[in-house]
Amino acid sequence: MKLRLIIMNFLEFAVWGSYLTSMGAYLANAGLGTDIGNYYALQGVVSLFMPAIMGIIADRWVQAQRLLSFCHLMAAAFMVVAAWIGLSAMNSGEPVNGMALFWSYSASIAFYMPTLALSNSVAYTALDKAGLDTIKAFPPIRVFGTVGFLCAMWLVDLAGWQNTPIQFIESAVFGVLLSIYALTMPSCPVGIKSGKLSFAEVFGLKAFRLFKDKKMAYFFIFSFLLGVSLQITNGYANPYIQSFGQYEGFEDLFFVKHSNLLVSLSQISETLCILLIPFFLRRYGIKIVMLIAMLAWVGRFAFFACGDPGNGVWLFILSCIVYGVAFDFFNVSGSLFVDRETDLSIRSSAQGLFVMMTNGFGATIGSLSAKEIINHYVYTNPDVPTYMSLDGWRTSWYIFAIYALVVAIAFAILFKYKHVREEK
């Protein structure tokens, strides 16, 4: 069972890793740099409702593994359309149809984002059926999701696709494979199938009752505030590193030409940090783990601001190292916390709510805010769409770091949670 879940997680995140960190570079080189924030905000917009809707369907009517399969098939189909639009523009030498590309990508991501929560539900159900402790068993399995993300990134970079729409085709291939594979996973139970259901039960609104618990309300609120940071470096790290190529002495550096490989160090760190989660959760509890994640986001942005691909590349590397803590200690630990604190009958809905608050409200506001900040400070020459101000980049990263620090301080003061240390 663990091997089967490892394969599922590998494919789940390979779909995303094919374009998430490299799409910004493609858009910038296609003259759509000022629209990068819209693409990454879109992931947040669809996360406001699609994960919750699919979670409700999985809890009530359709087994989660079947719904996972359907969503990946649809996401792959629309991703092929996005690739076709981009490749047609490249082959004709004409500017890409930005509107058509955006809406085909929109449809694809609308079906992909719910799979993040659905795959967790499938994994937790399978582990429960196997009699395994999710906190012990899931993180080592989830590691291979990051490995899949990393392998997809490397394939895009080494094949020379990070500035082309071919990355979308790679994503679609992984998506079709997972769509087929998901149908082989153990059956997931659905909720109440007979009898009269309340309005809240029909629409899965029972998960929102978690806000009545002050502890859970604060948890979800700060999940939203921390979620603001999630997509900023995914969208802008690659264009930032490549922007150094405009300056003498940087244009021929390895990491300027292979920025996706440098960014992939973040995923390597993520792979290792996932393995630390069981120890930290059991020993210190969710508050300390989340606080560590928030402070790691401060370092993530600050190190980007101070570094460069030359003599300062060690700061970029340090930024990538702390990313593993920033992402894992928030996303994976948060998902496990929600699973432990919620009833089995609303498992998928609760996971959908967590994704909604983080990748939904948080990532939407974060991406749109980052877009305004970066467009103001970075894209300062409207006559040259691909021009990017280096000083503007650094100012932007410092702004993001200060925001993450303020959130961390507020969380330390307001979130009350008494951890009971668990024995091994």
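In the condition set (1) more than 25 Å from Asn120 (Cβ to Cβ); (2) modelled with pLDDT of 80 or more; (3) surrounded by fewer than 17 Cβ atoms within 10 Å (Cβ to Cβ), Lys215 is compliant with all but (1). Under the condition of being polar (S, T, N, Q) and surrounded by fewer than 20 Cβ atoms within 10 Å (Cβ to Cβ), the residues counted in segment 242-261 number 1.
Could you check segment 294-313 and list, in sequence order, the residues that are more than 20 Å from Thr21 (Cα to Cα) and among the hydrophobic types (A, V, I, L, M, F, W, C)?
Met294, Leu295, Cys306
May I ask you to list the residues in segment 33-51 that are over 22 Å from Val96 (Cβ atoms) and open to solvent by 20 Å² or more (accessible area, probe 1.4 Å)? Within segment 33-51, Leu48, Phe49, Met50 meet the criteria. In a residue-by-residue description of segment 4-12, the property of being touching a Gly at 6+ places or on another chain (Cβ under 7 Å) and either within 30 Å of Asp383 (Cβ to Cβ) or open to solvent by 10 Å² or more (accessible area, probe 1.4 Å) (or both) applies to at least one position. Give me the pairs, please: first residue somewhere in segment 316-336 and farther than 16 Å from Thr134 by Cα and charged (D, E, K, R), second residue anywhere and at pLDDT 90 or above and open to solvent by less than 10 Å² (accessible area, probe 1.4 Å), beta-carbon distance under 6 Å, and either six or more positions apart or on two chains. Listed by first residue and then by second, the contacts come to nothing, as the list is empty. All conditions but one from (1) within 21 Å of Thr184 (Cα to Cα); (2) at pLDDT 95 or above; (3) within 19 Å of the chain's Cα centre (by Cα) apply to Ala107; the one that does not is (1). Checked against (1) open to solvent by 10 Å² or more (accessible area, probe 1.4 Å); (2) under 26 Å from Val143 (Cβ atoms), Asn29 passes all but a single condition, namely (2). Does Asp59 qualify as being closer than 17 Å to Cys188 by Cβ and surrounded by fewer than 21 Cβ atoms within 10 Å (Cβ to Cβ)? No; evaluated as a whole, the condition is false for this residue. Just give me the residues in segment 91-100 being in contact (Cβ under 8 Å) with a residue 60 or more places away in the chain and surrounded by fewer than 14 Cβ atoms within 10 Å (Cβ to Cβ), in sequence order. Across segment 91-100, the qualifying residue is only Pro95. Would you mind stating whether Thr380 is modelled with pLDDT under 95 and open to solvent by less than 60 Å² (accessible area, probe 1.4 Å)? Spelling it out, it is not the case that Thr380 is modelled with pLDDT under 95 and open to solvent by less than 60 Å² (accessible area, probe 1.4 Å).
The values are calculated or read from the model by the stated rules, or taken from the named source; none is laboratory data. Remember, predicted model here, so these are calculated numbers, not experimental data. Please note: Cβ atoms are built from the backbone with ideal geometry, for glycine as well, and neighbour counts cover all protein chains shown. Areas reflect the complete protein model, heavy atoms only, side chains present, ligands, DNA and RNA absent. Shrake-Rupley method; radii C 1.70, N 1.55, O 1.52, S 1.80 Å.
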